[in-house]
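Comments concern the structure below.
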Amino acid sequence: RHQKVVEEAPCPLMTPELRQAMGEAAVQAARSVDYVGAGTVEFLLDRSGAFFFLEMNTRLQVEHPVTERVTGQDLVAWQIRVAEGQPLPLSQDEIRLSGHAIEVRLYAEDSGHDFMPQTGHVLRWEPALLDGIRIDHGLIEGQAITPFYDPMLAKIIAYGATRDEARRKLVRAVENCVLLGVKANQRFLANLLQHPEFAAGNATTAFIAEHFAADPSLIPQPPSPAELASAAALLYQISAQSSAHQAGLAGWRNAGNAPWRFLLKHGEQQFAVELSVVEAGLQPRLDVKIGEQQLQLRLLGADGRWATLELDGVRRRLAYQQSASSVWLYGDNGNLELIDVSHAPASAAVGTGSGTIKAPMDGAIVEVLVEDGSKVSKGQLLLVLEAMKMEHPVKASIDGIIRRVQVSKGDQVRNRQQLLEVQAE
């Protein structure tokens, strides 16, 4: 959507001469309209070093923390001083730049599905407050992420003596922030920051399309065997302990040594996981079978927020949030929800080629382009959904006849709510 993804100061291509020229052009733009107050002038820079006016924002922008980090100045305080009629606290020649700062925007969006904005509740939020890291956010656990606002959740800013130091700190901070309950773009951001072209300072406005389009973070990823095994082990533990009258009997059942079988659902996919209890108790040892793959797992501890597991001899610490029927994990590709449908009644799942059209997310219907009885073709635009300040087209997945339209313009709908049905020809 042509939004900024990474913001940094100083610009890797900046020279003293270019900074002077840009600064003078920005001041001239403000003076020409007698502007007083905080403001940000944006330019686009081409390969030849020429720059072009883009726009002016009459405020500080999202990326003002990178300027604050390299100048040591509080720009919000400056803005308030100017609004009170006070002079600027420093002149331009008194500003000194030191080090490098890089910022990324943590968004509630699914990069693997065309950056579709996400809604839900924040079940878990633990920002990574590391050395050289600043995180601006307004998140609390239990908070609802609604479709009525921009999907930005937080800004993660890293500062270092050099650009590469700041970049490496930022990768670690992005990966270490724990967010469960709402899917976010952490893996996309971390992979982008580690890309060789970005590390070399060669990124342009075309960087993602030219160098990053095949990145795994932009493609839907199934849960890994390790994630499936971990989720099944946590579900096993809660089932085993709830059925035990004594701690020493955890995991005992009258089915003897028969494997525990779990069917875990992620999105529209389901995965069968089979656990064989090698050693029961408070730290169970399990043999795990997922398809043709087998793993050995020992659950060393789980306190409701962090689990310690040993998987094929490698110990790992895993952030999680659990209920009786689902597990949220902070895994290799970010946050992940696995729902236990082991005992759910069998039903005919709606597939990609089905005529049932469901809402891709929470939002409002802003346009309905068909009615009952309309003939439609695959790919035809049926209605438009608005959420998080963006419009999302909803198209037919098959050729057919509209059997029933179940929403009207102005309706608020929930994620996965049925919107209309197309009967196949």
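The values are calculated or read from the model by the stated rules, or taken from the named source; none is laboratory data. Note that this is a predicted model, so its numbers are computed, not measured. So basically every Cβ, Gly included, is an ideal-geometry build from the backbone, and we count neighbours across all protein chains shown. Each accessible area value is taken on the protein alone, full model and side chains, heavy atoms only, with ligands, DNA and RNA left out. Shrake-Rupley method; radii C 1.70, N 1.55, O 1.52, S 1.80 Å.
Quick one: in region 147-174, of everything that is out of contact with any strand residue (DSSP E or B) (no Cβ under 7 Å at 6 or more places or on another chain) and modelled with pLDDT under 95, which residue is farthest from Gly99 (Cα to Cα)? Only one residue fits best here, namely Phe148. For Tyr236, the conditions (1) in a helix (DSSP H, G or I); (2) open to solvent by 10 Å² or more (accessible area, probe 1.4 Å); (3) of a type outside the set (Lys, Arg); (4) within 23 Å of Arg316 (Cα to Cα) all hold with the exception of (2). Of all residues in region 47-73, those satisfying the criterion of being exposed (fewer than 12 other Cβ atoms within 10 Å of the Cβ) and either aliphatic (A, V, I, L, M) or farther than 30 Å from Asn202 by Cα (or both) are Ala50, Leu54. Filtering region 381-400 to residues that are open to solvent by 60 Å² or more (accessible area, probe 1.4 Å) and either aliphatic (A, V, I, L, M) or out of contact with any Ser or Thr (no Cβ under 6 Å at 6 or more places or on another chain) (or both) leaves Leu381, Glu386, Lys389, Glu391, Pro393, Lys395. No other residue among Leu90, Leu75 is within 30 Å of the chain's Cα centre (by Cα) and more than 17 Å from Ala158 (Cβ to Cβ) apart from Leu75.
The strands (runs of 3 or more DSSP E) located wholly in region 323-425 that include 3 or more residues which are farther than 30 Å from Leu234 by Cβ occupy 363-368, 381-387, 390-395, 400-405, 418-424.
When Arg316, Arg298, Arg285, Arg305 are checked against the criterion of being surrounded by fewer than 19 Cβ atoms within 10 Å (Cβ to Cβ), of a type in the set (D, E, K, R) and touching a Pro at 6+ places or on another chain (Cβ under 9 Å), a single residue qualifies: Arg298.
Evaluating Gln92 against the criteria (1) at pLDDT 95 or above; (2) in contact with a helix residue (DSSP H, G or I) (Cβ under 8 Å, 6 or more places away or on another chain); (3) surrounded by fewer than 11 Cβ atoms within 10 Å (Cβ to Cβ) leaves one unmet condition, (1). Scanning region 279-315 for residues that are in a strand (DSSP E or B), of a type outside the set (Ser, Thr, Tyr) and either out of contact with any Leu (no Cβ under 9 Å at 6 or more places or on another chain) or within 17 Å of Glu126 (Cβ to Cβ) (or both) yields Gln293, Gln294, Ala302, Trp306, Ala307, Val314.
Candidates Ala280, Ala272: the one that is at pLDDT 95 or above and either in contact with a Phe, Trp or Tyr (Cβ under 8 Å, 6 or more places away or on another chain) or of a type in the set (Val, Ile, Thr) (or both) is Ala272. Considering Val5, Val41, the condition of being more than 23 Å from Asn202 (Cβ to Cβ) and either surrounded by 15 or more Cβ atoms within 10 Å (Cβ to Cβ) or in contact (Cβ under 8 Å) with a residue 40 or more places away in the chain (or both) is satisfied by Val41 alone.
Screening Val36, Val62 for residues that are assigned to a loop (DSSP other than H, G, I, E, B) and more than 29 Å from Gly132 (Cα to Cα) leaves exactly one candidate, Val36.
Of all residues in region 74-89, those that are out of contact with any His (no Cβ under 9 Å at 6 or more places or on another chain), open to solvent by 50 Å² or more (accessible area, probe 1.4 Å) and either assigned to a loop (DSSP other than H, G, I, E, B) or of a type in the set (A, V, I, L, M) (or both) total 9.
Candidates are the residues of region 124-179 that are assigned to a loop (DSSP other than H, G, I, E, B) and in contact with a helix residue (DSSP H, G or I) (Cβ under 8 Å, 6 or more places away or on another chain); the one that is surrounded by the most Cβ atoms within 10 Å (Cβ to Cβ) is Cys177. With respect to the conditions (1) in a loop (DSSP other than H, G, I, E, B); (2) in contact with a strand residue (DSSP E or B) (Cβ under 7 Å, 6 or more places away or on another chain), Arg96 lacks only one, and its number is (2). In a residue-by-residue description of region 24-37, the property of being modelled with pLDDT under 95, open to solvent by 30 Å² or more (accessible area, probe 1.4 Å), within 28 Å of the chain's Cα centre (by Cα) and hydrophobic (A, V, I, L, M, F, W, C) applies to no position.
Kindly indicate the residue of region 196-229 that is of a type in the set (D, E, K, R) and surrounded by 13 or more Cβ atoms within 10 Å (Cβ to Cβ) and also nearest to Asn333 (Cα to Cα) among those meeting that condition. Going through the qualifying residues, I end up with Glu227. Is it the case that Glu227 is of a type in the set (Asp, Glu), modelled with pLDDT of 85 or more, out of contact with any Lys or Arg (no Cβ under 8 Å at 6 or more places or on another chain) and under 17 Å from Gln296 (Cβ atoms)? Yes.
A quick yes/no check of all residues on (1) under 13 Å from Leu420 (Cα atoms); (2) aliphatic (A, V, I, L, M):
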{"position": "Met361", "(1), (2)": "no, yes"}
{"position": "Val366", "(1), (2)": "no, yes"}
{"position": "Val370", "(1), (2)": "yes, yes"}
{"position": "Gln380", "(1), (2)": "no, no"}
{"position": "Leu383", "(1), (2)": "yes, yes"}
{"position": "Glu386", "(1), (2)": "no, no"}
{"position": "Lys389", "(1), (2)": "no, no"}
{"position": "Arg403", "(1), (2)": "yes, no"}
